[in-house]
Amino acid sequence: MTTESRPAIRGRIRFPDISPRAYEHPADRGALVALRAIPGFDAVLKAISGAIGERSVRLLYLASGIRVSPRQYPEIHQLLNECATTLDLQPIPELYIHRDPEPNAMAIGLDKPIIVITTGMLDLVDSEGLRFVVGHEVGHVLSGHAVYRTMMIQLINIAAAIQWMPLGAWGIRAIILGLNEWFRKSELSCDRAGLLCSQDPKSVLRVHASLAGAQNPDEMDIAGFLDQAKEYESKGDVRDSLLKIIQISGQSHPLAALRAAELQKWAASTSYRDVLAGNYPRRSADKDAPMSEDVKAAAASYKEDFTTSGDPLFKFMGRVGSAAGAMGNVAAGRVRDWWQQGPGHSDS
């Protein structure tokens, strides 16, 4: 935890032996622990792994996309190598460019994940924004997320195919809901990995603004964009809070303004500065890190979100919880006094 990080290409810091724990959001790790506890999860994972195989995923993009190399998209190939060097990832995964106007990027596969970036994403971001995108996906690979992402894609396809079979579909849908909840948290983690590769919070913020709809992020009011997240989280009443839960339940990605605000908060934190200074968990020590720490960190993260949130529903539940706690303390005090005074004692 004390080894100094060393400069990477073009003055950027690189992080030898960095553990994914250095950038993973606590709720990401906790959600994954909860996901693995869903009945049937491990059995479904093994079944999908056996049915898909490693070759199927790679062959699809080998035949339908452009594999990035020194001769094909050489600038992106250089970015990939630099991001992999920054996060000390070996072997470097293959990267494919896929024709799709929708801006997207993903890391998929099982034992040997690949990265896929759409042409829509290339059209949306500049070179520094693309560094963040590539670094984000390298973070997914380093964290071992690709296998769960692959599982989620396949389960969504299966659920669509067996909608006529309610009993079979419900179990799969439960796992899909769990995967979506985890994946939204994993995106927050890998935004942090992308920032470690970029080391430029402003360029990362432009990417999030572009994903939200900014055609020229340099000309928009960035502070106003982040204010949208504050308004979303604090305005309205309990009805709005319930609508938010319904809206996000089927989403695989966090909402853009909230995602941007979450990353900018981490960029301003001592945790980010510590990583840049070389004070981060090492991958070589991961085997000694107990899983209970992930659960505790996740619980602390959710508790902090709950107590500091401006969301009306959270505030209401907090007041109810405080009132219930106060009533409980009063009742406990009366029982204690009664016990100390003796069952036969009565007030005159």
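The values are calculated or read from the model by the stated rules, or taken from the named source; none is laboratory data. Model, not experiment: these values are computed from the prediction. Neighbour counts are summed over all protein chains in view; Cβ atoms, including those assigned to glycine, are modelled from backbone coordinates with ideal geometry. Areas reflect the complete protein model, heavy atoms only, side chains present, ligands, DNA and RNA absent. Shrake-Rupley method; radii C 1.70, N 1.55, O 1.52, S 1.80 Å.
Picking from V138, V116, which residue would you name as being surrounded by 21 or more Cβ atoms within 10 Å (Cβ to Cβ), on the phi < 0 side of the Ramachandran plot and either among the charged types (D, E, K, R) or in a strand (DSSP E or B) (or both)? Give the derivation first.
Working: V138 fails: either among the charged types (D, E, K, R) or in a strand (DSSP E or B) (or both).
None of the others qualify; the one that does is V116.
Condition check ((1) open to solvent by 20 Å² or more (accessible area, probe 1.4 Å); (2) modelled with pLDDT under 85) across all residues:
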site: R192; (1), (2): yes, no
site: A229; (1), (2): no, no
site: S234; (1), (2): yes, yes
site: Q251; (1), (2): yes, yes
site: W266; (1), (2): no, no
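Just the residues that are touching a residue at least 60 places away in the same chain (Cβ under 8 Å) and either in a helix (DSSP H, G or I) or under 15 Å from R67 (Cβ atoms) (or both), please, taken from the stretch 119-135.
Initial filter on the stretch 119-135 (touching a residue at least 60 places away in the same chain (Cβ under 8 Å)): 124-126, 128-129, 131-135.
Scanning the stretch 119-135 gives L124, E128, G129, R131, F132, V133, V134, G135.
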From the list K202, K185, which one is modelled with pLDDT of 80 or more, closer than 22 Å to T270 by Cα and open to solvent by 60 Å² or more (accessible area, probe 1.4 Å)? K202
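Here are L95, L59: which of them is modelled with pLDDT of 95 or more and of a type in the set (A, V, I, L, M, F, W, C)? It would help to see each step written out before you state the result.
Numbers: L59 fails: modelled with pLDDT of 95 or more.
Step by step, each of L95, L59 is checked, and only L95 is modelled with pLDDT of 95 or more and of a type in the set (A, V, I, L, M, F, W, C).
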